[in-house]
1. Rank these for me by crowding, Ser274, Ser31, going from fewest to most other beta carbons within 10 Å.
2. For the range 399-406, what does the Karplus curve 6.51 cos²θ - 1.76 cosθ + 1.60, with θ = phi - 60°, yield as ³J(HN,Hα) per residue in whole Hz, taken in order and with x for Gly and Pro?
3. Relative to the first principal axis of the alpha-carbon coordinates of the chain, what is the inclination of helix 144-157, with its axis defined by its Cα atoms, in degrees from 0 to 90 and to the nearest 10?
4. Report the label-to-label distance for Ser210 and Thr303 in nanometres (one decimal), using points 7 Å from each Cα along the Cα→Cβ vector.
5. Mind checking which of Leu405, Gly12, Ala56 is farthest towards the positive end of the chain's charge dipole, using Cβ charges of +1 (Lys, Arg) and -1 (Asp, Glu) about the Cα centre?
6. Taking H placed 1.01 Å from N in the peptide plane, check which residues at least 5 places from Leu138 or on another chain put their amide H under 5 Å from its amide H.
7. Against the longest alpha carbon principal axis of the chain, how many degrees, from 0 to 90 and to the nearest 10, is the axis of helix 292-314 turned?
8. Nearest 500 deg cm²/dmol is fine: what mean residue ellipticity at 222 nm does the chain get from its DSSP H runs of n ≥ 4 alone, each adding -39,500 (n - 2.57), divided by its residue count?
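The numbers here are math on the coordinates, done by the rules we state, and not lab data. If you're wondering where the values come from, they're calculated on a predicted model, not measured in any experiment. Positions of Cβ are generated from backbone atoms using ideal geometry, with glycine treated the same way; all protein chains shown enter the neighbour counts.
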Amino acid sequence: LGRCTIVTADEGVPLVSGERVEYANLDYAASAPCLTPVAEALAAALPYYASVHRGAGHHSRVSTEAYERARRSVARFLGVRSEPADAVVFVRGTTDALNLLARAVPQDCTVVVFESEHHASLLPWEHPASRAGSVVRLPLPESPGAAVDTARAALAAAPRGPRLLCVTAASNVTGEIWPVEELVAAAHAEGARVVVDAAQYAPHLPFSLSATGADYVALSAHKLYAPFGSGVLAGRADWLREAAPYLSGGGATRLVTEDDVVWNDLPARHEAGSPNVLGAVALAAACDTLTPRVQELLHIRETSLVERLRAGLAGIGGVHELSLWDEDHPRVGIVSFVVDGIPADLLAAALSAEYGIGVRDGLFCAHPLTRHLLPAGHGQAVRASLGVGTTREHVDRLVGAVADLVEHGPRWEYADADGRLVP
Ligand code: PMP
């Protein structure tokens, strides 16, 4: 894996006992720590950053070159095509990317989306600024095959005109991998397009527009081992080119007169305002580090860690994993679970304070899916998610801690931010 390592804090994290331990970060699906080459690329760009596409000064030219080089790296990472022409638009993240696309679809477009989606994929189509003519929400499919059949039927039943299927490549709740290629084939057979939310997939496995045939892809840098505030929407240029600029302002314009505006072509058309050049540089460094070969090796390692985690949790009485499909269905390194008798927020607080383990608790911005999967009597779940820096010790510590908490309960009491005791 060479230089594919993460930046960590050497001093570890404090426990309530006063001890310090190495942090077992099992919250990669929320935001992944920074890769070492990303930190280096940022440090190298820092002395030079300036507004891009704005000036003839040396630093502005260096920054512009770095920004456009970053676009080429991201394009390579995502298998961007020249025929039909794809665009690579830098945005703030997946949410931003999908909101941009919702404003760029043709006026009478029907958008089809599964209810299992993350809110970033589920909701932008219904925003008042969305140009979608109608939105069809599909129920949670019982199997990957049912997902393909239901999507095909919904697209066939929609009015002829432009249609778009929005699908997440890997669930942020269960880690389950969706049958993207089959969905693309089904959608294309019906004359529809597909946008793939690769926020959780791309950090774990190579995603390519040209290999999958998908029309658009969205992702976030902060889940791909680079800091916040940057992401990408890549895909077919035509709708994006014809749409009004996502934001109005400098950079998106070619000429402004007293009574007229000539907007820029892609990608500047949708990148109004001073672009986040450091964000783009960081994202590109992550893309350059996570080559398909590196991702393949990471996935092999991660799969064995996930299986170890799932087997460990399955061996503890009262622990239930959340899965939509068959337990053997392929997944990325994400495992959500509940523990009978210990509410998820209390469990997450105790794992952090007593064992130095970072997990997420809640409904994971995918309320319909998570609520559907929760066993009776549970209002929220805990999610452990793995990545480049995850070790066997982290996984074993989590399994051991959950077993401990099931047996003895938390040793401390915990209050939420408002000072209320967590039950
Ligand atoms: N889609 C999925 C599957 C996600 O997991 C997330 C982040 N939780 C998003 C979209 C939204 O990403 P961001 O918050 O970076 O816009």
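1. The fewest-first ordering by Cβ neighbours comes to Ser274, Ser31.
2. Per residue, the Karplus-derived 3J(HN,Hα) values read 4, x, 5, 5, 4, 4, 5, 5 Hz.
3. 30
4. 2.5
5. Toward the positive end, the furthest listed residue is Ala56.
6. Val113, Phe114, Glu115
7. Roughly 30 degrees, rounded to the nearest 10.
8. Numbers: 13 runs with 151 residues, N = 423.
For the chain, the value works out to -11000 deg cm²/dmol.
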